[in-house]
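What follows is a set of notes on a single structure, which appears directly below.
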Amino acid sequence: MSEGTNESQTIRVGTHGGAFHADDVFAVALFYVLFPDRKIKVIRTSESNILRTCHYCVDVGRKYDPVQGHFDHHQGGTEARKNGVSYAAAGLVWKHFGNAFPRSVFERIDRIIQTIDAHDNRQTIYTQLRHHSDLEIPGPCTLANLVQAFCPDWTEEPDFDGQFNKVLQIVIEYLKRELLRAQAVEKLEEVFKKAVFHEKGRIMELPCYCPWKDKVKKGWHIVLFVISPARGMAGWMIECVYGQDNEYRKLLPEAWAGKENEALQKTTGITHAVFCHQQRFCARALTREDALKLAELALQ
């Protein structure tokens, strides 16, 4: 194993050649996500003299030593998580480097990596639904299935390296998206600090679109409606809030159901009301002021 890297140096990541699985693909992809400003060179081989030139080796080498850059699990003896899911190469890489992220981000990504680790270690973490013993119910289509679809079939030319690189790009982009979504959750607290309440706390106004539903359901038990800027269209949304029983705490008035533009404006008396869903769980107005008026009217 080569010594540490400097910021201008290409990071050499070694993994085994030949057939590949989700574990080695995800383990390699993590380096692209963890070191986005560095150039990564992937070397697929089992030759120890070549692997010694790599900064990191994953799913090959029969050694786990994160300080020296070894992340294999085939030698046995690697620990399992508290929930019993054993570590494979991808999990060992994320365990070592992922702690640089906030805890909530680390845990969200680890939930994804656990499915990869479990598949590689042949641990069953899904219960297959069977209504009738004589009928086969398909199991879940997983990330491991996606990766496996790229591994050359016996009817194809065995271009393992080419196919590895194809699916690697997909997995890199997928992990980048998941990391972005996990980091966005961290920003949610800042949005809620700017919330404004109306009508004795029954209407919550948020300054921007955000995934508020679970947080409001669990943390604000008297909020009936949330208003916030519409996403991808003009205006402001009025949305109903779920209660603990997964039923809406209060729906919009029945007389509004399915109405748009002039019909809704005539019914409500609100100039910029433009839409109410047929199921009455959301409506839209073109201005913040009229969205608030709709919410206040719906309380009556």
Quiz item: Amide H neighbours of VAL274 under 5 Å, counting only residues 5+ apart in sequence or on other chains, H built in-plane at 1.01 Å?
Solution: ASN261, ARG284, ALA285, LEU286
Exercise. Enumerate the helices in the chain for which the Kyte-Doolittle hydropathy averages -1.0 or more and the C-alpha atoms extend at least 15 Å along the helix's axis, using complete DSSP H runs.
Key: 22-34, 103-120, 160-193, 288-299
Quiz item: Using the Cα atoms of region 15-72 to build a convex hull, what is its mean projected area in square nanometres?
Solution: 3.9 nm²
Quiz item: So what are the ³J(HN,Hα) numbers for region 235-249, from phi and the Karplus equation (6.51, -1.76, 1.60; θ = phi - 60°), rounded to whole Hz, Gly and Pro as x?
Solution: x, 10, 9, 10, 10, 7, 10, 6, x, 5, 8, 6, 10, 5, 5
Quiz item: Of the beta bridges DSSP finds with both residues in the chain, what % are antiparallel, to the nearest 5?
Solution: 60 percent
Quiz item: What FRET efficiency do you get for ASP153 and GLU186 if R0 is 41 Å and r is their Cβ-Cβ distance, rounded to the nearest 0.05?
Solution: 0.45
Quiz item: Residue farthest toward the positive end of the dipole of the chain, with Cβ of Lys/Arg at +1 and Asp/Glu at -1: which of GLN169, ALA255, LEU188?
Solution: ALA255
Practice problem: With both partners inside region 194-299, how many of the DSSP beta bridges are antiparallel, as a percent to the nearest 5? | Solution: 85 percent
Quiz item: Length gain on complete extension for the stretch GLU254 to GLU47, per 0.36 nm per residue less the alpha carbon to alpha carbon distance?
Solution: 67.4 nm
Practice problem: For region 194-299, calculate the relative contact order in percent as a whole number, restricting contacts to Cα pairs under 8 Å that are 6 or more residues apart. | Solution: 22 percent
Self-check item: FRET efficiency, 1/(1 + (r/R0)^6) with R0 30 Å, evaluated for LYS266 and ALA234 via beta carbons
Solution: 0.90
Self-check item: Hydrodynamic radius of region 194-299 per Kirkwood, over alpha carbon pairs, in Å
Solution: 13.5 Å
Quiz item: Taking the alpha-carbon centroid of each part, what is the distance from region 234-300 to region 34-95 in angstrom?
Solution: 54 Å
Quiz item: How many nm separate the modelled label positions at GLU173 and TYR242, each set 7 Å beyond the Cα in the direction of the Cβ?
Solution: 3.0 nm
Self-check item: Relative contact order (%) - criterion: Cα under 8 Å, at least six apart; region: the chain
Solution: 12 percent
Quiz item: Which of TYR209, TRP220, GLY232 sits closest to the plus end of the dipole of region 194-299, meaning its Cα is farthest towards the positive end, when Lys and Arg get +1 and Asp and Glu get -1 on the C-beta?
Solution: TRP220
Quiz item: Relative to a virtual label point 7 Å from the Cα of HIS221 in the Cα→beta-carbon direction, which members of region 244-270 show backbone nitrogen distances below 19 Å?
Solution: 244-250
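No value in this document is a laboratory result; all are computed from the given coordinates. Everything numeric here is computed off the predicted structure, so don't read it as measured data. Methodologically, a virtual Cβ is constructed for each residue, glycine included, from the backbone with ideal geometry; neighbour enumeration extends over all protein chains shown.
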